[in-house]
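Each reported figure results from applying straightforward, stated rules to the coordinates on display, with no laboratory input. As the structure is a computational prediction, the values presented were derived from the model and not from experiment. When we count neighbours, we look across all protein chains shown, and the Cβ atoms used for this are built from the backbone with ideal geometry, even at glycine.
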Amino acid sequence: MERGDLLSVNAKIFEGQGQAIEAHADRNVKVCVVGNPANTNCLIAMQNAPSIPKENFTAMTRLDQNRAAERLKVPVADIKNVIIWGNHSSTQYPDINHGFVENFPSKHLRTTVKSAVNDDEWVKGVFLKKVQDRGAEIIQARGLSSAASAANACLDHVRDWILGTKPGEWVSMAVPSDGSYGVPRGLIYSFPVTCSAGNYRIVHGLPIDKFSREKMDATAKELLQEKELALGK
Ligand SMILES: NC(=O)c1ccc[n+]([C@@H]2O[C@H](COP(=O)([O-])OP(=O)(O)OC[C@H]3O[C@@H](n4cnc5c(N)ncnc54)[C@H](O)[C@@H]3O)[C@@H](O)[C@H]2O)c1
Ligand SMILES: O=C(O)C[C@H](O)C(=O)O
């Protein structure tokens, strides 16, 4: 099946999911869309549930965030604030520029991910591509998409949304764009967010370099194309 066909077949499924939520769900329902293409499916479900607050619809990029942290060759549990921007697809942009590592290079010290890794060329090349293509790689190896790691990421996503993020830390969630960072309003785009008491806020004002800008625009462009294919507008 071509990507365009997949988009329109899945659009129908997520229209139905949105309509069911509209008809039967609590108005405070919290939605984390995992089924691919996750961001655009989320957009479709959201549009089919007009009486539910838009901010209650999110799509999962936490698996990508977890994958990015695992690839950085420093202790994974101590890596914070790595960002996934954009689509849960091979155009996503895993951005380490604002990340830090606790207890590195020794206990009680904090180092930027950039200096801990200390290999810009690797970050912009091998690392970027590895994270972007990991989903496809798993499907090729298993003949099925990732299961346990995706379920675990969904738990991470919902836990942080409901219970909150720690002070000074953020996580990545695909949420309706409020126009931040020049991302077209309304696209379901992965941003860094902080969470508290069941609400999330996009982290604003991070400096964006030229390389990042290009990657963030490319993944936004893909989401606009998906929206057009799925919704015909
Ligand atoms: N966002 C992510 O990080 C991420 C990670 C892993 C998988 N995925 C995606 O999650 C989805 C599920 O993956 P899986 O491996 O569990 O697939 P799967 O084939 O095991 O499960 C798909 C499920 O969808 C159900 N289904 C099929 N048609 C339906 C319809 N019309 N309405 C309602 N339900 C329907 C099937 O009965 C089945 O239970 C896929 O789209 C996959 O690409 C996303
Ligand atoms: O099911 C897929 O397309 C891959 C999945 O989204 C993943 O990232 O593992």
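Observations on the model:
- Within region 144-155, tally of residues that are part of a helix (DSSP H, G or I) and within 14 Å of ligand 2 (Cβ to nearest atom): 7
- Subset of region 207-233 (residues that are closer than 19 Å to Arg62 by Cβ and among the aliphatic types (A, V, I, L, M)): Met216, Leu223
- Residue list for region 80-94, filter: in contact with a helix residue (DSSP H, G or I) (Cβ under 6 Å, 6 or more places away or on another chain) and buried (at least 22 other Cβ atoms within 10 Å of the Cβ): Val82, Ile84, Trp85, Gly86, Asn87, His88, Gln92, Tyr93, Pro94
- Checked against (1) more than 23 Å from Ser177 (Cα to Cα); (2) aromatic (Phe, Trp, Tyr); (3) in contact (Cβ under 8 Å) with a residue 12 or more places away in the chain, Trp122 meets all criteria but (3).
- Cβ separations smaller than 9 Å between residues 6+ apart or across chains give the following pairs from region 59-83 residues that are over 14 Å from Ala116 (Cα atoms) and hydroxyl-bearing (Ser, Thr, Tyr) to residues that are outside any strand (DSSP E or B) and within 14 Å of ligand 1 (Cβ to nearest atom): Thr61/Ala38; Thr61/Asn39; Thr61/Asn87; Thr61/His88; Thr61/Gln92; Thr61/Ala153; Thr61/His157.
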